[in-house]
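Input: a single structure, listed below in structure tokens.
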Amino acid sequence: MKIGMKIGVFSVVGAAVVVCAAFFFFGGPDSSPPDANEATAQETADYLVSEEFVKMGKGDKEEYLEQINERYTDTPVLSLLSNSSLSEQQRQQLMANILPIIGPGIDKRIDEFENMPAEQQQVRLDAIIDRLEEYRKVNPQAMFSPERFNLMLQYVDPHTRARLREHIPAMRQRMAERGIPVGDGPF
């Protein structure tokens, strides 16, 4: 092989090695989460059901979900789970991906709720009910079955599950006070 050809081959191989090394050390395309303050609900939900989110470390997941909680202050989980653009498969994946991570946050929110004066508890319940009613209008009967509620609860620890179930009567009572049909579902 001529020297010029050898230099050409080595140049191409060398460039390929540099590109591969850069990809390996610096990562491929950006897989960072969408900005919690700027992303649409759909972009956030899409990221939370993605492999990129699944591959994140637990601490990074917690940090990102905390950023989401700051944006959706009253009903962060319901804001995401009630996204009408999600397919049923995406909704189940979303539950599987985030509910185990946010269980302690749910406990914290329950603690906050239980320590609120009655008027503030009513405001919090109304915010949750409003979100549920908004979703119900877009997706009648889609979210309110006991099966759906139990599916959601399977992803949280037993202690949190029991605490959530304790508050269902208060939710149902507030719905009745507002003239909202309660039906056979959990809410």
- Task: Could you give me the residue pairs with C-beta distances under 8 Å whose first residue belongs to region 124-137 and is in contact (Cβ under 8 Å) with a residue 40 or more places away in the chain, whose second residue is in a helix (DSSP H, G or I) and among the hydroxyl-bearing types (Ser, Thr, Tyr) wherever it lies, and which are 6+ apart or on separate chains?
- Result: ARG131/SER79
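Yes/no matrix, rows are residues, columns are (1) modelled with pLDDT under 60; (2) touching a Gly at 6+ places or on another chain (Cβ under 7 Å); (3) not aromatic (Phe, Trp, Tyr):
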{"position": "SER11", "(1), (2), (3)": "yes, no, yes"}
{"position": "ALA16", "(1), (2), (3)": "yes, no, yes"}
{"position": "PRO29", "(1), (2), (3)": "yes, no, yes"}
{"position": "SER32", "(1), (2), (3)": "no, no, yes"}
{"position": "ALA41", "(1), (2), (3)": "no, no, yes"}
{"position": "PHE53", "(1), (2), (3)": "no, no, no"}
- Task: Among the residues of region 67-95, write down those that are farther than 13 Å from THR44 by Cβ, modelled with pLDDT of 70 or more and surrounded by 14 or more Cβ atoms within 10 Å (Cβ to Cβ).
- Result: ARG91, GLN92, GLN93, MET95
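The values are calculated or read from the model by the stated rules, or taken from the named source; none is laboratory data. Every value quoted in this text rests on a predicted model; they were computed, and no experiment measured them. Glycine gets a Cβ as well: all are built from the backbone with ideal geometry, and neighbour counts include every protein chain shown.
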